[in-house]
Amino acid sequence: MKSKILLAAPLLVGCFIASGIVVASLDVGSGRIRSDISPSSETSQKNSALRSLALALSSGKEEALRPFRGSPSEDDPDKDRLNPPIAGMNCYLDRIAIHVSCHGSLVNTEKEAVTPFSRLVDEVQAALPSDRWRGMQKEPGTAWIRSYTYEDRRSNAHIDIDITRRTEPSGQSFYMVSLFAWPH
């Protein structure tokens, strides 16, 4: 009896390990991020979501973004939530113009916006295949005060990361980090 238990125990442990690997590979293959992953892996989840999005954008085909359609937006009937989400951002996939738009929270000073802007630029850089994507800082424009853009050399897909300033009628200014991406 002991020998049968000793033989069955490693087999049972192996089955648990194999089923975990299969579930993980299904999650990765389907583009879904598991919610039971520890918070310490948030950056790798964000990189994974950004990498998946970049690969879809690189195809240059609008239909490559279909798997990223999540639940419909409550605010805009022409948009769906991005799935998987990018942590710390409200992201939507526009059904008409076929682009991704993400917005962070409003902050009171430009200095407060620089940290998440820089972090997002670094995370996008780490997520993108460097042999295809080229990044460059852009000059401030009328709609943004800082901007960094990535362009796919083959498909002309773009990812723009910006800090924008919004001024209320009262004269109070707020700052926000945004990301826009489109396949061509």
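The values are calculated or read from the model by the stated rules, or taken from the named source; none is laboratory data. Note that the coordinates shown come from a computational prediction; the quantities given were computed from them, not determined experimentally. With ideal geometry, Cβ positions are generated from the backbone for all residues, glycine too; neighbour counts draw on all protein chains shown. For accessibility, only protein heavy atoms count, side chains too; no ligands or nucleic acids. Shrake-Rupley method; radii C 1.70, N 1.55, O 1.52, S 1.80 Å.
Multiplying the residue separation of E110 and Q137 by 0.36 nm and removing their Cα-Cα distance gives an extension gain of 8.0 nm. Using the Cβ-Cβ distance between S118 and I96 with R0 = 30 Å, the FRET efficiency computed as 1/(1 + (r/R0)^6) comes to roughly 0.40.
Extension gain for the segment S71 to T167, taken as residue separation times 0.36 nm less the Cα-Cα distance, is 31.5 nm to one decimal. The heavy atoms of E62 offer some 80 square angstrom of accessible surface to a 1.4 angstrom probe.
Built from the Cα atoms of the range 96-157, the convex hull projects on average onto 5.5 nm², one quarter of its surface area.
What the Kirkwood sum gives for the range 67-119 is a hydrodynamic radius of 12.1 Å, with every pair of different alpha carbons counted.
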